[in-house]
Every structure is written in structure tokens, then in C-alpha cells.
Amino acid sequence: MEKCGNKSLLKRILNSVADMFFPPRCVFCGEVILNGYICENCTDKYIPHIIVREKEGYRIITVADYDDFISPVVYSAKRNRDGRAIDFMATEIGKAALLHGEYDLTIPVPMYKGDKSKRGYNQTEKLCQTIREEYGIPCYDFLIKTRKTAQQKTLGKKGREENLKGSYALKKNTSLKGKSILIVDDVSTTGTTFKEIYKIIKNEGAKSITCIAFAHPTHKD
Ligand SMILES: [Zn+2]
């Protein structure tokens, strides 16, 4: 029951054809580069800040501070489904996650289906697909979002919890027993989404539950 799509070979072929005509560009400043995701100048500016928070029963890892330098990359991942921003973020997420454990599978944080069809894709699924391609960790879309919710960024901490309460569910026939699970999101601000998802999966017998997001606004701590 692997449902995160499988376009790796096609994607690789398309990417190398595209590279011949359109050389890769730095995900931060757009400068043409030979390979990788970041130009030399931006490599000096991009400083990952991996934070691991131990919670009761699970933990949250964030990879980088959500500041003015990082935010355009996160925005681009939301707006450009095949973009290099997604591949860059996924590579960084995978690297940070593997520093702190091993995983049997990833599960993307789901979007409500109406929101997903409006955007055309869910960037967290794309992140998980790239993690699978880069690191060989299978991806399962076991979680669903059952209703539309208000944008979290418009709410305070209490409001965020109320907003998401009961809005996630596990699909039927999902088996997490004995598995080390990695839940993947693009941004985590207060950790409310991960907390709500943990409530849904905590009694499913998983061996370990790790939640990871690429960016975290540290000023909201
Ligand atoms: Zn650059």
C-alpha cells in the first residue's frame, strides 16, 4: 500500500534533459551553478540549525530557522511542484533525520482534499517522494485530513489547537505496528500539527515516532 506516487526514473530523465537546456540555478539566489542546489555565495549564508525537541512519546526535529533567507525556498516549494526547492528541502530533511535515527517509512502531513486539488499537489508528499528517491525510505500516505481548517498562522497557540482538533485520521487497514515512523512537514511553528497527529497514531504500536519539518520560526519559541 504505497501511495506516494513513483516518478523517480521519469523525473531523473526529465531533470537531466532540463539541465542541458536550462542549467541548474541556486535555490536561494537563482545564480547558475554546475551542480547541487546552492551557489558558493549562498553556501556561506545557509547555516542549518537542527533542533531536536523530545516530547512525551515522540520527538520533533526542525532543520533550519524560518527567516528571511529561508522563507523564499519554502514559498517556492508551495508554488512549484517539480521545483528544485522541494528536492533541496527533502535532501536536508533526510540528512537531518538520519543523524538522529533510522526509519521504516515516511508519512506526509496531509492536506484537506479540497485544498490539495486547488493547489494541484501537496508539497509534503513531494518531500516524501524525494526522500524516498534520495534515501530509500518508503513513503505511505496513511494519514488524511478530514475537514478544512483555518490557516494556522492566523491563530495563537490555543486557537491553533482548537482549529486542528480531530482534523486528522488514519486510513483504514493502516499498520504501524513495530515501525519507526517519520512524519514530514515543510514548516512547524508551535508543533500543534505534530501533536494532533501524534494523538491519532500513538496507540497504533509504532516502535518510534519522529516528526520533522524543514523550517521553524525560532522567534515563536
Ligand atoms: Zn545563491
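Any idea what angle helix 123-135 forms with the longest principal axis of the chain, computed on alpha-carbon atoms, 0 to 90 degrees, nearest 10?
Once rounded, one gets 70 degrees.
Starting from the alpha-carbon convex hull of the range 144-208, give the projected area averaged over all orientations, in nm². List each step's numbers first, then the result.
Details: hull surface 18.6 nm².
It is 4.6 nm².
Using modelled amide H (1.01 Å from N, peptide plane; none on Pro or chain starts), what sits under 5 Å from the amide H of residue 168, excluding residues fewer than 5 places away?
Amide H neighbours of residue 168, under 5 Å, 5+ apart: 146.
Pairwise over distinct Cα atoms, reciprocal of the mean inverse distance: report the Kirkwood radius of the range 107-164 in Å, one decimal place. All intermediate terms of the calculation are to be shown ahead of the outcome.
Working: mean 1/r = 0.0781 Å⁻¹.
Evaluated over the range 107-164, this radius sits at 12.8 Å.
Straight-line reach from residue 116: which aspartates and glutamates have Cα under 16 Å away, leaving out those fewer than 8 places along the same chain?
The qualifying aspartates and glutamates are 82, 125, 141, 185, 186.
Taking Cα atoms, how many degrees apart are the long axis of helix 8-21 and the longest axis of the chain, rounded to 10 and kept between 0 and 90?
Once rounded, the angle reads 30 degrees.
Fewest first, what order do 188, 180, 16 take by the number of other Cβ atoms within 10 Å?
Numbers: 188 26, 180 16, 16 9.
Least crowded to most crowded, the residues run 16, 180, 188.
Compute the Kirkwood hydrodynamic radius of the range 48-220, taking the inverse of the mean of 1/r over all pairs of distinct Cα atoms, and give it in Å to one decimal. Don't skip to the end; give the middle numbers.
Details: mean 1/r = 0.0623 Å⁻¹.
When all Cα pairs of the range 48-220 are included, the Kirkwood radius is 16.1 Å.
What are the lysines whose alpha-carbon lies under 19 Å from the alpha-carbon of residue 177, with same-chain residues fewer than 8 places away excluded?
In chain and number order, the partners are 3, 199, 202, 207.
Grab the DSSP H runs of the chain that are 4 residues or longer, score each as -39,500 (n - 2.57), total them, divide by all residues and round the 222 nm result to the nearest 500 deg cm²/dmol. Write down the numbers at each step before the final one.
On the way: 8 runs with 83 residues, N = 221.
Value at 222 nm, helices only: -11000 deg cm²/dmol.
No value in this document is a laboratory result; all are computed from the given coordinates. In this text, all values refer to a predicted model and were calculated from it rather than measured experimentally. Please note: Cβ atoms are built from the backbone with ideal geometry, for glycine as well, and neighbour counts cover all protein chains shown.
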